[in-house]
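Data block below; observations after.
The values are calculated or read from the model by the stated rules, or taken from the named source; none is laboratory data. All of these numbers come straight from a predicted model, not from anything done at the bench. Every residue, glycine as well, gets a Cβ built from its backbone with ideal geometry; the counts of neighbours run over all protein chains shown.
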């Protein structure tokens, strides 16, 4: 418990971490309380099309009469869901593959390491784009594909952790006591080596949000949901006169990505001194 | 060393093979029957379909089809566009130059500026310059390229009326010779600016942390204790060692050059591969998309091998590791 308190204290002492956490808290509140916060129904088409920001529509309306502010507020749900789920998929795959490779070693490691090398060289954004273009752009597809193509970073981190952890006494003693290999992997190696993966996963969330926005911008987003990338794309043809549609939705993307980015970077900073001490 | 290179080449070959296989499977499993698409009518003649299947080998077992596919690729045959019925490789070739021009010019600027800023910031850690640049770099790292492009157009073209919004040259004037070079350069300013602003933070941060790390190395401490002037230590030992990891980074960005500028091309209507990609998506021109993907995978694999080999030459620790 004291350890956790220390950890939080140290994390809070890093300025970018503080900014990131505050931004993230605001975002989560926005996503949860979207129905309360949004001034209008985000799907309703108002008669005032391309209306400049005013008291009724604080961020204006778009080409078909959506309230831009309400759309942006609801869009936070899409971005956060896609970011978190895609990054979680990549964390689970990465941790498992990396843990198995590092802990079991030998031939298993060689094969898995080569698989990682191959995946590392695959141009993932274009692959995502190709798959989504061919198989359809539902939100589920997008999340799964981003997750499936971004796990290598996590796997490499976990592999390194597993290699160093398996030399430690507590793992050796667990082995001596006859605990099965897979039980050691899941009970000791992964829980003890998970921190760098958490930091990296936070970064992956930003990456996933950017990928989704990019796909939506080139017309490969899920047409049934509200997404910031789509708002930017929809507003593009009304530039420069109706600047508010594109500008504000883009800022929403920037600040969301920034929040996860700052937290991820902060986490890495908190964790690095600890890791050097362990050596 | 030789063994190391072979190992890397093998991995590269594996990547290419994997990409080819992946591409093949993706295209074969794609919804919609290509022969029906080629036959073109609502209710095509069954005989036409059979003939088309025969012609493209679609009635053969899947393994045979895969072998045929590889044979075609080796002959430089990447298939035909569904839309214009021209060879995919020709279509890509027409767009290649514009992309490379934009990418290379941007790359040179961003690497130079990024490294210079990074070295300076590392030397003056914690200074105002360092703090401000760090803050800015976080911001631009979180900015989607397409959005920044749109904002830059909004500011420089629409509001200030300084520069053209899109295209590669003035279509109305059709300049020749030197005037044309100037014209292209003029149209390049905004897309290059977008690219450079987005990527400088990346080089900046990598250089900064690499220089800082090297400055804390034990051998630098030792040099200091010998009383060697700080300037000389920095130029002769820190810089040399710190810039090593940057080789890898530059190599990787070069490999991804095509995707790196794709969004910028789309926003600025630059007639390169990014635009081609967008058009192919809207028209569902899968052969062109898969051709771009294949070329990209091959170029990434080749670049990665080159980078690794160059790096191994520069840093002996790597080649003796395995």
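Counting only helices (runs of 4 or more DSSP H) that sit completely within region B:61-167, those holding 2 or more residues that are exposed (fewer than 13 other Cβ atoms within 10 Å of the Cβ) correspond to B:62-74, B:88-123, B:128-141.
For region A:221-241, the count of residues that are within 10 Å of chain B (Cβ to nearest Cβ), surrounded by fewer than 20 Cβ atoms within 10 Å (Cβ to Cβ) and assigned to a helix (DSSP H, G or I) is at least one.
Do we find a residue being farther than 27 Å from residue B:243 by Cα, within 11 Å of chain A (Cβ to nearest Cβ), surrounded by fewer than 21 Cβ atoms within 10 Å (Cβ to Cβ) and at pLDDT below 85 anywhere in region B:301-311? Outline the logic, then answer.
Within region B:301-311, the first condition is being farther than 27 Å from residue B:243 by Cα, and the residues that meet it are none.
Within region B:301-311, none of the residues are farther than 27 Å from residue B:243 by Cα, within 11 Å of chain A (Cβ to nearest Cβ), surrounded by fewer than 21 Cβ atoms within 10 Å (Cβ to Cβ) and at pLDDT below 85.
Scanning region A:227-237 for residues that are more than 22 Å from residue A:19 (Cα to Cα) and in contact with a strand residue (DSSP E or B) (Cβ under 9 Å, 6 or more places away or on another chain) turns up nothing.
Test residue B:284 against the criterion of being within 14 Å of chain A (Cβ to nearest Cβ), surrounded by fewer than 22 Cβ atoms within 10 Å (Cβ to Cβ) and not in a helix (DSSP H, G or I), and give yes or no.
Details: within 14 Å of chain A (Cβ to nearest Cβ): yes; surrounded by fewer than 22 Cβ atoms within 10 Å (Cβ to Cβ): yes; not in a helix (DSSP H, G or I): yes.
Yes: the conditions hold for residue B:284.
Screening residue A:207 with (1) in contact (Cβ under 8 Å) with a residue 40 or more places away in the chain; (2) within 11 Å of chain B (Cβ to nearest Cβ); (3) under 30 Å from residue B:158 (Cβ atoms) gives one miss only, at (3). Only one entry in A:251, A:262 is crowded, with 19+ Cβ neighbours inside 10 Å, touching a helix residue (DSSP H, G or I) at 6+ places or on another chain (Cβ under 9 Å) and assigned to a helix (DSSP H, G or I), namely A:262. Screening residue B:174 with (1) more than 14 Å from every other protein chain (Cβ to nearest Cβ); (2) surrounded by fewer than 19 Cβ atoms within 10 Å (Cβ to Cβ); (3) closer than 30 Å to residue A:210 by Cα gives one miss only, at (3). In this structure, residue B:278 does satisfy being closer than 26 Å to residue A:229 by Cβ, surrounded by 15 or more Cβ atoms within 10 Å (Cβ to Cβ) and within 14 Å of another protein chain (Cβ to nearest Cβ). Residues of region B:66-108 that are farther than 30 Å from residue B:184 by Cα, touching a residue at least 24 places away in the same chain (Cβ under 8 Å) and in contact with a strand residue (DSSP E or B) (Cβ under 9 Å, 6 or more places away or on another chain): B:78, B:79, B:80. The residues listed here are A:15, A:35; of these, the one that is loosely packed, with under 15 Cβ neighbours inside 10 Å and within 29 Å of residue B:134 (Cα to Cα) is A:15.
Considering A:75, A:63, the condition of being assigned to a loop (DSSP other than H, G, I, E, B) and in contact (Cβ under 8 Å) with a residue 12 or more places away in the chain is satisfied by A:63 alone.
Inside region B:168-201, residues that are out of contact with any helix residue (DSSP H, G or I) (no Cβ under 7 Å at 6 or more places or on another chain) and part of a helix (DSSP H, G or I) make up a count of 12.
Against the definition (surrounded by 24 or more Cβ atoms within 10 Å (Cβ to Cβ), within 12 Å of chain A (Cβ to nearest Cβ) and closer than 19 Å to residue B:106 by Cβ), how does residue B:258 come out, yes or no? Against the criterion (surrounded by 24 or more Cβ atoms within 10 Å (Cβ to Cβ), within 12 Å of chain A (Cβ to nearest Cβ) and closer than 19 Å to residue B:106 by Cβ), residue B:258 qualifies.
With respect to residue A:191, determine if the residue is in contact (Cβ under 8 Å) with a residue 60 or more places away in the chain and surrounded by fewer than 22 Cβ atoms within 10 Å (Cβ to Cβ).
Numbers: in contact (Cβ under 8 Å) with a residue 60 or more places away in the chain: no; surrounded by fewer than 22 Cβ atoms within 10 Å (Cβ to Cβ): yes.
Judged against the criteria, residue A:191 is not a match.
Residues in region B:264-275 that are under 24 Å from residue B:115 (Cβ atoms) and within 10 Å of chain A (Cβ to nearest Cβ): how many? The total comes to 0. Here residue B:211 clears all of (1) within 20 Å of residue B:241 (Cβ to Cβ); (2) touching a residue at least 12 places away in the same chain (Cβ under 8 Å); (3) surrounded by fewer than 21 Cβ atoms within 10 Å (Cβ to Cβ) except the condition numbered (3).
Are any residues in region A:114-140 more than 12 Å from chain B (Cβ to nearest Cβ), part of a helix (DSSP H, G or I) and touching a residue at least 40 places away in the same chain (Cβ under 8 Å), and if so, which ones?
At the first step, the residues of region A:114-140 found to be more than 12 Å from chain B (Cβ to nearest Cβ) are A:138-140.
Remaining after also requiring part of a helix (DSSP H, G or I): A:139-140.
Residue satisfying the conditions is A:139 alone.
Filtered by the rule that a residue be within 11 Å of residue A:65 (Cβ to Cβ) and in contact with a strand residue (DSSP E or B) (Cβ under 8 Å, 6 or more places away or on another chain), region A:29-47 gives A:40, A:44, A:46.
Condition check: farther than 20 Å from residue B:272 by Cβ, under 22 Å from the mean Cα position of the chain (by Cα) and at pLDDT 90 or above. Does residue B:108 satisfy that? The answer is no for residue B:108. For region A:61-86, the set of residues classified as surrounded by fewer than 24 Cβ atoms within 10 Å (Cβ to Cβ) and more than 13 Å from residue A:228 (Cβ to Cβ) consists of A:63, A:64, A:65, A:84, A:85, listed by residue number. Given the condition assigned to a helix (DSSP H, G or I), within 11 Å of chain B (Cβ to nearest Cβ), in contact (Cβ under 8 Å) with a residue 60 or more places away in the chain and within 24 Å of residue B:29 (Cα to Cα), answer yes or no: does some residue in region A:146-156 qualify? No; the residues of region A:146-156 include none that is assigned to a helix (DSSP H, G or I), within 11 Å of chain B (Cβ to nearest Cβ), in contact (Cβ under 8 Å) with a residue 60 or more places away in the chain and within 24 Å of residue B:29 (Cα to Cα). Taking region B:214-227 as the region of interest, how many residues are loosely packed, with under 14 Cβ neighbours inside 10 Å and out of contact with any helix residue (DSSP H, G or I) (no Cβ under 7 Å at 6 or more places or on another chain)? Number of matching residues: 8.
Residue-wise test of (1) within 8 Å of another protein chain (Cβ to nearest Cβ); (2) touching a residue at least 12 places away in the same chain (Cβ under 8 Å); (3) in contact with a strand residue (DSSP E or B) (Cβ under 7 Å, 6 or more places away or on another chain).
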| position | (1), (2), (3) |
| --- | --- |
| B:137 | no, yes, no |
| B:141 | yes, yes, no |
| B:155 | no, no, no |
| B:161 | no, no, no |
| B:181 | no, no, no |
| B:184 | no, yes, no |
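Restricting attention to region A:162-179, does a residue exist that is under 26 Å from the mean Cα position of the chain (by Cα) and modelled with pLDDT of 90 or more? Yes, region A:162-179 has at least one match.
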